[in-house]
Structure formats: structure tokens, C-alpha cells
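J.: Take a look at this one; I'll ask things after.
The numbers here are math on the coordinates, done by the rules we state, and not lab data. Note that this is a predicted model, so its numbers are computed, not measured. A quick note on method: Cβ atoms are made from the backbone with ideal geometry, for glycine too, and the neighbour counts reach across all protein chains shown.
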Amino acid sequence: MLAYLTLIAAAAQAQILVLGDSIGAGFGVAENRNWVSLLQQELAPRKVINASISGDTSNGAKARLPALLSHYQPELILLEVGGNDGLRGQPTALLEKNLKTMIDLARKAGSDVILLGMHIPPNYGKAYTDAFHQTFHTVAAAKNVPLLPFLLEGIALDPALMQADRIHPNEQAQRKILENVLPLVKASLD
């Protein structure tokens with residue numbers, strides 16, 4: 001009986017880390033209403049730690065990850081970075097390398113990973129935008145991690161769900177982002 005109670009207590013304390021950029025940070029949205037806060041409400045009593053920083057790139061996230069792994073020891077990491085790499089026109093090979101490194105670091109620390117894919121606006125040219133999005137598929141296949149192909153599916157092309165900058169989802173979109181993410185999270189935790 002004691003072993004069973006110990007397992008229940010451990011499951012209740014399992015931590016999920018969201019390592020992201022402005023989409024994870026909920027740019028322009030009240031902190032308690034962004035999709036990560038909604039995920040916390042959905043998964044309680046598990047703890048969801050939001051380590052997202054607006055403007056962060058895959059380089060920045062990679063640099064921060066070792067300390068986050070050491071401090072939180074998460075069971076699961078939602079890797080939501082890369083959008084700013086694309087918006088800055090950085091080489092997709094660099095994004096691929098950084099994502100793979102972060103997945104390796106997470107696994108070495110005993111964490112599972114879900115990769116949250118992104119698209120960038122078409123004004124970067126078809127060749128680059130296609131290569132950028134394909135990077136998430138390439139990494140997910142190479143590292144055998146679950147992939148949500150496009151975090152903002154059903155949101156990005158709906159002006160009613162986007163802020164005036166047409167880059168960041170608004171408060172009304174946060175529930176939809178949660179709905180996009182939640183099935184993969186629940187499957188990974190089961």
C-alpha cells in the first residue's frame with residue numbers, strides 16, 4: 001500500500017516544462033489566460049513550468065535548457081521554439097542542430113519531449129518557408145519524438161484569433177492552442 005501511495009504522490013508532482021518563445025510566453029495575453037496556464041489547469045495536480053521567453057531563439061533555449069533540467073527535472077518538455085529563428089532568416093540547419101541537441105539533453109536527463117512545429121509568413125519565400133517547416137518534421141523523425149506539425153493550426157489564418165501584428169495569437173486563441181497541444185501531452189503522460 002505504501003508503494004502505491006508513493007507512486008500516486010510522484011505522479012501528482014510530475015512536472016511539465018514548456019520551453020518556448022513569445023507563443024509559449026503568451027505575448028499580449030494575461031498570464032493566467034495563456035495556453036500554458038490553461039494547460040496547468042487541465043493537468044493539475046501536475047505542475048506546468050513556463051520557461052518561455054518572448055524573442056527567444058533555438059540558440060537561447062538551448063543555452064537555458066541545462067539549468068532548467070537540473071532545477072526542475074521535468075518528466076515532459078514541450079519544445080516550442082524556432083519561430084524567431086525563422087523570422088530572423090537563420091539557417092534551417094542551425095535550427096535542426098539546436099532542436100536535436102535539446103532533445104538529446106532532455107533525454108539524457110530522463111525527460112520525454114514533444115516538438116511543437118511552426119510556420120513562418122510566406123513573405124520569406126517558398127523555398128525558405130518550406131525548408132523551415134520541414135525542419136520540425138525532420139527532427140521529429142530523426143529523434144523519434146511526437147510532433148504537433150503546426151501549433152497555430154486553425155488559428156494563424158483567422159484574423160479574429162490573431163493580434164494586430166498577425167504574428168501572435170490573441171486571448172481568444174489560447175483555448176484553441178490548448179486543444180491543439182493537449183492530446184499529445186495526455187498521450188505522452190499516459
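J.: Starting at the first residue of region 112-126, write each ³J(HN,Hα) from the Karplus equation 6.51 cos²θ - 1.76 cosθ + 1.60 with θ = phi - 60°, in whole Hz, x for Gly and Pro.
T.: In residue order, the calculated couplings are 7, 9, 10, 9, 9, x, 9, 10, 10, x, x, 5, 7, x, 4 Hz.
J.: Please list, ordered by chain and number, the residues whose modelled amide H lies under 5 Å from the amide H of Ile77; skip anything fewer than 5 residues away on the same chain.
T.: Leu17, Asp112, Val113, Ile114
J.: What shape does region 111-190 have by the C-alpha gyration tensor, where a ≥ b ≥ c are the square roots of the eigenvalues, rounded means a/c under 1.5, and otherwise prolate means a/b greater than b/c and oblate the rest?
T.: oblate
J.: Give the long-range amide H neighbours of Asp56: residues separated by 5 or more places, or on another chain, with amide H under 5 Å away, using H modelled in the peptide plane at 1.01 Å from N.
T.: Ser22
J.: For region 79-86, what does the Karplus curve 6.51 cos²θ - 1.76 cosθ + 1.60, with θ = phi - 60°, yield as ³J(HN,Hα) per residue in whole Hz, taken in order and with x for Gly and Pro?
T.: Karplus values, whole Hz, x for Gly and Pro: 8, 10, 9, x, x, 6, 4, x.
J.: Where both partners of a DSSP beta bridge lie in the chain, what percent of those bridges are antiparallel, to the nearest 5? Provide the component values of the computation, followed by the final result.
T.: Numbers: 1 of 16 bridges.
Around 5 percent antiparallel, to the nearest 5.
J.: Using the crude model of +1 on Lys and Arg Cβ and -1 on Asp and Glu Cβ, and no other charge, please compute the dipole size for region 106-163 relative to its Cα centre, in debye to 20.
T.: 300
J.: Would you grab the residues whose amide H sits under 5 Å from the one on Val48? Only those 5+ places off in sequence or on another chain, please, with H modelled 1.01 Å from N.
T.: Ile16
J.: Suppose a student asked you for the relative contact order of the chain, using Cα pairs under 8 Å spaced at least 6 residues apart; what percent would you report?
T.: Rounded, it is 22 percent for the chain.
J.: Net charge within 11 Å of Ile77 by Cβ-Cβ distance, Lys/Arg positive one each and Asp/Glu negative one each, not counting Ile77 itself?
T.: Working: positive: Arg107; negative: Glu75, Glu80, Asp112.
Within the 11 Å Cβ shell, the charges total -2.
J.: Could you work out the relative contact order of region 13-59? I mean the mean sequence separation of Cα pairs under 8 Å and 6+ apart, divided by the number of residues, in percent.
T.: Worked out over region 13-59, it gives 55 percent.
J.: Which whole-Hz couplings ³J(HN,Hα) result when phi for each residue of region 146-154 is put into the Karplus expression 6.51 cos²θ - 1.76 cosθ + 1.60, θ = phi - 60°, listed in order with x for Gly and Pro?
T.: x, 10, 8, x, 8, 4, 9, 4, x
J.: Shifting gears a bit: Once you put a point 7 Å from the Cα of Ala93 and another 7 Å from the Cα of Glu42, both along the Cβ direction, what distance in nm separates them?
T.: So the label points at Ala93 and Glu42 sit 3.8 nm apart.
J.: So, one more: Order 101-114, 156-169, 46-59 from most to least packed using the mean count of other Cβ atoms within 10 Å.
T.: Details: 101-114: 17.6, 156-169: 14.3, 46-59: 19.5.
Put in order of decreasing packing, that is 46-59, 101-114, 156-169.
J.: About its Cα centre, what dipole magnitude does the chain give when the only charges are +1 on Lys and Arg Cβ and -1 on Asp and Glu Cβ, stated in debye to the nearest 20?
T.: 340
J.: Same structure, new question: Mind checking the dipole of region 127-188: about its Cα centre, +1 per Lys or Arg Cβ, -1 per Asp or Glu Cβ, Debye to the nearest 20?
T.: So the magnitude is around 220 debye.
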